[in-house]
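Data block below; observations after.
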Amino acid sequence: MSKLLDTINNPDDLKKLPAEKLPALAHEIREEIVNGISKTGGHLASSLGAVDIAVAIHYVFNTPDDKVVWDVGHQAYAHKILTERREAFKTIRQLGGISGFPKPSESIYDAFGVGHSSTSISAAMGMVVARDLNHENYNVIAIIGDGSLTAGLAFEGLNQAGHLKKDIIVVLNDNEMSISQNVGALSSFLSRKITGRLATRLKKEAEGFFISIPRIGSRLVSFAKRAEDSLIALLTSGMLFEGLGFHYIGPIDGHDIEELISTLSDAKDPD
Ligand SMILES: Cc1ncc(C[n+]2csc(CCOP(=O)(O)OP(=O)(O)O)c2C)c(N)n1
């Protein structure tokens, strides 16, 4: 049976697909990664986790004019498959084959050579400053994992971004995992939940009230739940980034392509 992936060599082809086909495409990419990596070896989990965000980024942004800066780069396999390297993916990490990490000499779609963690925000900031000095006009998107966010260089980038107030988009890929289980104060902060007996009681009472409203009660409960999640995010992780001068949107489900597309589109063209 023919695959959607057979019609895609680069992001221009991707943009021709209707958005509702993208989850099926992401599924095919995951299969392609599993099949390839089971023969060559490689970074499976991180890349499988970043398939949907890679699809959404290349769908929304105009790569390679817009610059996508992956962090560590071990999660960029879907990015490679979508950017003219589906065939070459079979040779990944092999002698004479393509690199396991983004590499500018390999592809115009690889904006930065990676391998080390925690570099994406600082590298992207450099691109943003160069862009503005040259009076150019393109988006720069840094993607960083919650594990890599803990390093000093990531905070130097955030510090400079907040200071210069330049247009940069930072995607925090928070999967609550690093190489292994996360440890440390930042990860506890990012995953902090507002609990406590008063909050739980208030939630229960509000739920009881909403559910008692005929017909629309259950919808109100799920709306209130979403509003509560957003509020909690703003009070926890959002508070950190807003404090550093960013406009924070989130958290969103990083595997819901429709939501990713609408959120990235908002970030690209803020009101
Ligand atoms: C400077 C540096 N230190 C350590 C590493 C080893 N390392 C590889 S991946 C990784 C963390 C990955 O976690 P995260 O950024 O959350 O990405 P995920 O794999 O969860 O998507 C680390 C510390 C590295 N690549 N570079």
Next on the checklist: So in region 232-248, with the set limited to residues that are at pLDDT 85 or above and in a loop (DSSP other than H, G, I, E, B), which one is surrounded by the fewest Cβ atoms within 10 Å (Cβ to Cβ)?
Outcome noted: His247
Checklist entry - If you check Gly73, Gly49, which single one turns out to be free of Cβ contacts under 8 Å to residues at least 60 places away in the same chain and within 22 Å of Ile121 (Cβ to Cβ)? => result Gly73
Next on the checklist: Just to be sure before I move on: is Ala76 in contact with a Pro (Cβ under 8 Å, 6 or more places away or on another chain) and under 27 Å from Gly184 (Cβ atoms) in the structure I sent?
Outcome noted: yes
Checklist outcome for this item: Note: among Asp71, Asp12, just one is away from the ligand (no atom under 16 Å from the Cβ) and among the acidic types (Asp, Glu), namely Asp12
Checklist outcome for this item: Reported set for region 139-158 where residues are crowded, with 16+ Cβ neighbours inside 10 Å and not hydrophobic (A, V, I, L, M, F, W, C) is Asn139, Gly145, Asp146, Gly147, Ser148, Thr150, Gly157
Checklist outcome for this item: Those residues of region 42-62 which are more than 13 Å from the ligand (Cβ to nearest atom), under 22 Å from Gly157 (Cβ atoms) and buried (at least 24 other Cβ atoms within 10 Å of the Cβ) amount to Ile57
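The values are calculated or read from the model by the stated rules, or taken from the named source; none is laboratory data. Predicted model only: the values in this text are computed from it and were never measured. Neighbour counts run over all protein chains shown; Cβ positions are idealised from the backbone, glycine included.
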